[in-house]
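Values quoted throughout were computed directly from the atomic coordinates according to the rules given, and no laboratory measurement underlies them. Everything quoted here is computed from the prediction, not taken from an experiment. All Cβ positions, glycine included, derive from the backbone under ideal geometry; neighbour counts span all protein chains shown.
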Amino acid sequence: MRAMLKGIAASDGIVCGQVYRLVEPNLTVQQRAITNLDYELNRFHQALEAAVSDVETIKTRATKNLGTDSAQVFSAHIAMLQDPELITAVETQIRQRKINAEAALAAVARTYETSFQGLTDNPYMQERITDLHDVTKRVTAHLLQVALPDLALVNHPVIVVTHDLIPSDTVSVNPRYILGFVTDLGGRTSHSSILARSMAIPAVVGTQHATDQLTNGEMVILNGTRGQVMVAPDDDELASAQAAMHERAANLKRLSKLRHHGTVSKDGVGVTLAANIGTANDLPSVLQNGAEAVGLMRTEFLYMDADQLPSEDEQFAIYKQVLTAMAPRPVVIRTLDIGGDKPLPYLKQKPETNPFMGARAIRQSLTHQQIFRSQLRALLRASAFGNLRIMFPMIATLDEFRQAKAIYDDERSKLTVAQVPLGSIKIGMMVEVPAAALLADRFAQEVDFMSIGTNDLIGYTMAADRTNQDVAYLYQPYHPAIFRLVNRVIAAAHGAGIPVAMCGEMAGDPIAVPLLLGMGLDEFSMGAGSILKTRRLIGQLSAHDLQALVETTLNQASTSQEVITMVQAAVPGILT
Ligand code: PEP
Ligand code: MG
């Protein structure tokens, strides 16, 4: 029996390949006395050259994926690696103190940092400190002869094993070389999983110990549908995994025929299938999978990817890129949803006993209005380039929505006075707090659209933190209470004549889709990899017939299992 790591099925698909550990190595530097000066100086220069060559490779990949502007940081790193002042300072340390190159470099880095201190309010200096850290780390790794993993340096297909996946890990990657992701941390709705799904790459998260248990180059089979990682498979196991991969590829090929089709049920009811994205990097996958819209762009990844707030212009460029690529299709961009499981270290938020119930999302935006206004201005300016809808997250009270909308109106009028070209924008809200779901009829009078965020709605309704494994058994997407709330929101939106979408994970879940279609949901927004499967499923369902299933489920189901059984009875073979 092979060793098997168990985790959470985060992104569908089965793949086999070699492990690439994306884990920070130990770079502790010991000071040593040296006798051969020339040898040490030479060692230092070789490490510098190797570091420049790494950064050149990373820069080329980042330029290709993200454009010249975003790759500028790597030019700054190269400039620093070639900075005569820095180089001379390290050489002087080596010569005068007769110490090894890595200790000399560490000493110089400390001196620089001390001289930068006191300037921490200056964003330029903060950036230089970060550059210095990155550059020192890279040169030290070469001196210590330990590999510093970086996905941009990967040049053959691998399965990436890491503690937790963050957006910046994925930006410079060549997607062709990433077969799958395995992480120690995370749940199905954590940002690692969301990233993997938006890139349509199979993933298993929350294994707890994958980075300890797997070694570089080891062969594994990753099953993202079952949440399993088989270690060192034998020939038979590899052969059956490969057969499963081929079957999946053939299935995807069949599905790809639906790419340019609309989404229509068997009895002719049209709905919109949209994609959830984290960054502009996800766009190729969105278009390949035939998304009819972007139903949710989670802008927090732009903020989490940086070590300081992105400027209005930086944001504008990214929003414009997404809107232009999708035009004339609609793009729903959600204003910043930080807090909860998405903290922003550089904002220095106060520690909270219960972050999911704390200063999150719109609550943060209303307190830090400068950040909110800058985001709204970037969005407004970008609106001229496509079909923009702005959505506020975590709205709990009407007052919050009104305040957010008033700030938006204020920024809009200022830009209008300044004659900045603006598009027509719809303003909506996420329904992810039970209070908003229960009061949806009132909200529906004031918003242009609603989007149901089941990831949080489930957590808040069941009082189960979506990232806490100990209460995962309570995090029940199919609980009848959830469907009652969802049905209520859909009915309220339609009662007021506004469209209603769902952008929580449930929108692409085959058990939930028949119920949502029967309830009349207008738009289903999901990770790009689920779109074509959902389009095929909806094409096999009759929306009208499903109303009976909705009635029975809402009136008779008392448990999640009963809901599942009812759906399976109404739609035989739904899970196959
Ligand atoms: C949700 O809560 O369903 C949602 C889509 O938002 P997030 O997962 O980013 O909290
Ligand atoms: Mg949410």
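For segment 296-387, GluC sites (Glu not before Pro) are listed when DSSP marks them as loop and at most 16 other Cβ atoms sit within 10 Å of their Cβ; the list is Glu352. With respect to the chain, whose longest principal axis is taken over its alpha-carbon atoms, helix 369-382 is tilted by about 80°. In order along segment 543-551, the Karplus-derived 3J(HN,Hα) couplings, from 6.51 cos²θ - 1.76 cosθ + 1.60 at θ = phi - 60°, round to 4, 5, 4, 6, 4, 5, 4, 4, 4 Hz, and Gly and Pro are given as x.
Electrostatic bookkeeping for Leu344 treats Lys and Arg as +1 and Asp and Glu as -1; over the other residues with beta carbon under 13 Å from its beta carbon, the sum is -1. For Ser11, the residues whose amide H sits under 5 Å from its own are Ala203, ignoring neighbours fewer than 5 places away on the same chain, with H placed 1.01 Å from N.
For segment 217-318, trypsin sites (Lys or Arg not before Pro) are listed when DSSP marks them as loop and at most 11 other Cβ atoms sit within 10 Å of their Cβ; the list is Lys257.
Taking amide hydrogens as placed 1.01 Å from N in the peptide plane, the amide H of Gly527 sits under 5 Å from those of Asn276, each at least 5 positions away in sequence or on another chain. Taking every DSSP bridge with both residues inside the chain, close to 30 percent are antiparallel. Net charge near Gly17: determine it from the other residues with C-beta under 15 Å of the C-beta of Gly17, scoring Lys and Arg +1 and Asp and Glu -1. That sum, taken over residues with Cβ under 15 Å, equals +1. Taken as Cα centroids, segment 420-441 and segment 475-523 sit 16 Å apart, rounded to the nearest whole angstrom.
Applied to segment 324-330, the Karplus parametrisation 6.51 cos²θ - 1.76 cosθ + 1.60 on θ = phi - 60° returns per-residue 3J(HN,Hα) values of 5, 4, 8, 3, x, 5, x Hz, with x for Gly and Pro.
Helix-only estimate, please: 222 nm mean residue ellipticity of the chain, summing -39500 (n - 2.57) across DSSP H runs of length 4 or more and dividing by its residues, to the nearest 500. Here the helix-only value at 222 nm equals -14500 deg cm²/dmol.
Amide H contacts of Val161: Tyr20, Arg21, Leu22, Val182, each under 5 Å away and 5 or more positions distant or on a separate chain (H built 1.01 Å from N in the peptide plane; Pro and chain starts excluded). Counting charges near Ile277 (Lys, Arg +1; Asp, Glu -1) among other residues having Cβ under 15 Å from its Cβ returns a value of -1.
Among the listed pairs Lys320/Lys533; Lys257/Lys533; Lys64/Lys426; Lys342/Lys426; Lys266/Lys533, give every one whose C-alpha distance is greater than 22 Å. Listed pairs above 22 Å: Lys320/Lys533; Lys64/Lys426; Lys342/Lys426.
Axis angle, to the nearest 10 degrees, between helix 72-81 and the longest C-alpha principal axis of the chain: 20 degrees. Positive end of the dipole of the chain (Cβ unit charges, origin at the Cα centre): among Gly520, Ala101, Met566, the Cα lying farthest that way belongs to Gly520. Restricting the GluC sites (Glu not before Pro) of segment 366-456 to loop positions (DSSP other than H, G, I, E, B) with no more than 15 neighbouring Cβ atoms within 10 Å leaves Glu446.
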